[in-house]
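Right, one structure below, let's go through it.
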Amino acid sequence: MRVRGAENVDWEEIAALPCPDGSPCLLIADTGDNLERRDDPALYRIREPALDPARTRPAPGPRDEGVPVLEAGPAERFPLRLPDGPRDVEAVLLLPGGRVVLSSEAGPGRRQGQLSRLRCAVPGAEW
């Protein structure tokens with residue numbers, strides 16, 4: 001899927017949620033950070049695209065031949081600031097009331113990952 005207005009630095013997760021108007025949306029977590037140096041992780045919200053063959057096209061490249069590419073967007077970008085600095089966030093859980101739980105892998109110098117709870121900064125995300 002190609003998303004207008006979204007940069008894929010290291011997408012890790014995608015989840016369904018309602019848009020502010022109640023229609024279906026997708027939340028994309030661009031939160032991967034293997035070296036734990038990123039200062040720009042973000043969540044993107046897009047309207048869930050219809051799986052319409054007229055809106056897809058063949059993917060470029062020999063390895064992707066025959067795989068349709070779905071065009072979506074435009075995306076709304078919501079920057080994330082983790083309270084304890086950069087982490088390699090691999091999973092995102094969406095909870096009622098607009099709460100987000102981020103799950104990170106163990107990083108350099110740490111034996112275990114971490115769960116971080118954030119109040120969602122996505123307007124209209126009080127699902």
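Structure above, values below:
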read-out	value
Selection count, the stretch 76-124, where residues are touching a Phe, Trp or Tyr at 6+ places or on another chain (Cβ under 9 Å) and modelled with pLDDT under 60	4
Qualifying residues in the stretch 50-75 (those that are outside any strand (DSSP E or B) and under 15 Å from the mean Cα position of the chain (by Cα)) - the one modelled with the lowest pLDDT	GLY73
Scan of the stretch 1-25 for residues that are assigned to a loop (DSSP other than H, G, I, E, B) and among the charged types (D, E, K, R), ordered by number	ARG4, GLU7, ASP10, ASP21
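The values are calculated or read from the model by the stated rules, or taken from the named source; none is laboratory data. Keep in mind it's a predicted model, so treat the numbers as computed, not measured. Ideal geometry is used to build each Cβ from the backbone, glycine not excepted, and the neighbour counts take in all protein chains shown.
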